[in-house]
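Worksheet: one structure, shown below.
The values are calculated or read from the model by the stated rules, or taken from the named source; none is laboratory data. Note that the structure is predicted; figures quoted are calculated from it, not measured. Neighbour counts are summed over all protein chains in view; Cβ atoms, including those assigned to glycine, are modelled from backbone coordinates with ideal geometry. Surface areas here come from the heavy atoms of the whole protein model, side chains and all, with no ligands, DNA or RNA. Shrake-Rupley method; radii C 1.70, N 1.55, O 1.52, S 1.80 Å.
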Amino acid sequence: MFVFFNGFSQEIPANSIIANSKLSHYLNNQAIANFKNKKNISQEELAFYLREKYAERYFFNWKNFESRFKDYQSIYPASKNEHSERAADHMAKFSAITKWKLPFNYLNGEPVNAYAVRHLARQHKMVDVAFEYHYSNKNQTYLNYFKNQLKSLNTALNSNQFEQMKDGNGTYEAFRAGYRVLNWLQIHSFFLGETNYSDADQLTTIATLLQHGASLYQNNQEFVPGNHQTRGMSALAMLSIVLRDFKGTDVWYKHSMKLLEEHLAKEINDDGFQFERSVHYHMSDIDNYYYVYQLAKISNLEVNEFWEQKLKSLFTTLVKIAYPDGSAPVLQDDTDDPWAEKNNISGAITLGYLLFGDAEMGYLAENSVDAKTYWYLNNAQLEMLTNIQKQQPQIKSTSFPTTGYYIFREGWNANDKMMTISAGLDKDKPDHQHGDMLGVQAMAYGKVVLPNYQVRYSLPDYEFFKNSMVKNVALVDDELQGKKYKGNQGGSGFGKFGELPKPTVLNWKVGSDIEYFIGSHNGFEKSGIKYVRQVINVNNDFWIVKDNFKSDKEHTYKQVWQGHYSLENSPNLIRSTFDDAAGLDIFQLNSVDGVENSGTRGKQWSVISKKQEGDFSFATIIFPYKGFDNRINELAKLPNFKGWNLYNSNWKVIGENTTLLSKGDEVIILAGSEIQFKNIKISSSTPLDLIIKIKSTTLDVQSANINNCEISIEGASSILVNSIKSKNQFTVGITDEIEIAF
């Protein structure tokens, strides 16, 4: 992966801390060559040497910290209170010399829970303590707090009084240890210029980081899927670059890079999406790989093309899924901001722009980065923010077929519409998957009109928000999609479903005026029900969602729609409105029984139901609008949908729960068994779903059926099926295109 250095496989201990006086014994020959007295290197000389190398190799030169911190305060004035609050929170909960193994209590006497001990292990609020040191005119309390808490972990290591992996909360587990390394490397850079961060203190930190590296190496010999090992190997690679003066770090490097490349190959799908299907974990993986990539570039280490392509694909994916306002849908376990209906991806995309200079990324980038990212950029990258090159993305409707996301997109203007369909399930590790199979989300006129919600593991209703009642899905009876939920061993609140529906994508056709998706899942088959969802994007004006249930028994079929809907025109029409008179109308083309509203945590949803024996299909128009006069007119006998009419005298359609929508030369027919236009008659024993374009002498017919169907056509002078001449009786497949001459 990189052109790197050779070294000896001297074993740095994984279960103890090297004494400062012994640390020079672990230097490799290349490092030793820099010292005059090679056999007797003093701690003062070693600390000076390591400071100089850290200035060269870390994300920024610690010698410039004061000026960089001054700029930071100017650019991010609001961060001061946040850092202060987080530092105070951490220091109020845990003593500097704290315990690292449950059970123990907070300083206020309350018991520390599993979730808290995991966050203690990550040490992310210790970064805030380091900030507070500088904000407080270098109050030594904060520096001493860090030094003592680091030493308390070393004491716990020596006495074996830390959380073990078998308990589910391992202090040295890859994810938590990796996070801790990332944070302590930053803190080390914050303190290197401080008089009271003595040579001895610095060497203790280095020795502690080396022990962490040895532990990460020792306990991650084999590939383990998921972001936990990725975080740990990212940290090990970082250590092997910035501390490459020590024997054995070359072995760490080769091993960590081997595993990271394996994660890139196996966990970044060929469509560019991180395999866990979550925006949160996708961006977390960006961080993992970015840190290593950036440090390699700083040290002029060659990065191969595979790394660059895979890393760039992670950023390109964010552009593809972005809403027109630059945010992104909430997908699976997104946890940054509980109950939020969008994801903030601007920082990640801005980072992508700074790495690759791509103008389409620049279109969604901002002229600043978030406060955290600031410290991982060099001065040249910060300068790029003053002149971002922007080009509106050319991406329209697109898909991630391996990951299982399908996106209808009108464009990139502020009022443009976009719908995302979730139709994937990772076969190896669906731990972060929600009960949203074939669920949809949508934005129109700058509003998330069909939302999904971010979650947090520690909240008591995490399981509820992970399941189907807070998704835009179809359900049956009292079943939810996610079944056999089980919390994790450590008791942090996280849990996963033991059983989720498996999807099958039957058709995906985009690029024309009318686009559509057809997919099924097996989630209701144990109840004897086959289910298929069709989603039709009608000229980017509105969408039709058709939920098809096939059963020989009586069931209550349901649609769940997220949003705050009023029911005065229910059950056929429910409506939500927003502060600027934008709104969403949900209109039922087939008769339904009723609608019930429910909600929690400030969220609300409507459940539309139909109790029926045998088969049933919801045919639902999802109609966003801007302005009162553009709504569906609930007073009209036959509503008009942006020029689409429910009646056309030129057509005759027969069937049960049949719908005909027409506008100009375009026609959509749902559940038609017999269709007549001029001298043409199309018949089938199976209800047909067709998209038709009327031309001067032909009907161009696109199948949108959920099954292959036997049909007959009368009155045609010629029939072409997929451009091949056909008889008047034939089987039409779910993807077939038919040209009928009249």
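Before moving on, here are some points about what is shown:
- Qualifying lysines (Cα of each under 19 Å from Cα of residue 483; at least 8 residues distant if same chain): 427, 429, 466, 471, 496, 502, 526, 530, 558
- For the stretch 421-521, carbon and sulfur atoms together expose 49% of the accessible surface, with a 1.4 angstrom probe and every protein chain in place.
- Per residue value of the accessible surface for the stretch 649-742 (all protein chains in place, 1.4 Å probe), Å²: 47
- Loop trypsin sites (Lys or Arg not before Pro), the stretch 511-596, which have at most 16 other Cβ atoms in a 10 Å radius of their Cβ (DSSP): 553
- Phi angles across the stretch 567-578 convert, under the Karplus curve 6.51 cos²θ - 1.76 cosθ + 1.60 with θ = phi - 60°, into 3J(HN,Hα) values of 10, 5, 10, 6, x, 6, 9, 10, 9, 10, 10, 10 Hz, Gly and Pro given as x.
- The phi-based Karplus calculation (6.51 cos²θ - 1.76 cosθ + 1.60; θ = phi - 60°) puts the 3J(HN,Hα) values of the stretch 105-110 at 10, 4, 4, 8, x, 6 Hz, whole numbers, x for Gly and Pro.
- The residues of the stretch 415-545 expose on average 33 square angstrom of accessible surface per residue, using a 1.4 Å probe on protein heavy atoms.
- Extension gain, residue 70 back to residue 85 (0.36 nm per residue minus Cα-Cα distance, nm): 3.4 nm
- The charge dipole of the chain, taken about its Cα centre with unit charges on the Cβ of Lys, Arg, Asp and Glu (plus for the first two, minus for the last two), comes to roughly 1300 debye.
- Contact order for the chain, expressed relative to its length and based on alpha carbon pairs under 8 Å spaced 6+ residues apart, stands at 8 percent.
- Remark on residue 688: its backbone amide H falls under 5 Å from those of 671, 672, 673, a criterion applied only to residues 5 or more positions apart or on other chains, H modelled at 1.01 Å from N.
- Applied to the stretch 494-506, the Karplus parametrisation 6.51 cos²θ - 1.76 cosθ + 1.60 on θ = phi - 60° returns per-residue 3J(HN,Hα) values of 5, x, 9, 8, x, 9, 9, x, 9, x, 9, 8, 8 Hz, with x for Gly and Pro.
- Taking a straight line from the alpha carbon of residue 147, these lysines sit under 28 Å away, with near neighbours fewer than eight places off in the same chain left out: 22, 53, 63, 70, 80, 93, 99, 101, 125, 138, 247, 372.
- Förster radius 22 Å - calculated FRET efficiency between residue 303 and residue 51, Cβ distance, rounded to 0.05: 0.25
- Accessible surface, the stretch 56-208, averaged per residue in Å² (probe 1.4 Å): 40
- 0 to 90° range, to nearest 10: angle between helix 174-191 axis and the chain longest Cα axis: 50
- Gain on full stretching of the segment that runs from residue 37 to residue 708 - 0.36 nm per residue minus C-alpha separation: 233.2 nm
- Full-extension gain in nm, residue 686 to residue 634, via 0.36 nm per residue minus C-alpha separation: 15.5 nm
- Taking the C-alpha atoms only, the angle from helix 279-298 to the longest principal axis of the chain is near 40 degrees.
- Shape category assigned to the stretch 570-661 from the gyration tensor of Cα positions, a/c cut at 1.5: oblate
- Low-density loop positions, GluC sites (Glu not before Pro), the stretch 505-582 - DSSP coil, at most 15 other Cβ in 10 Å: 568
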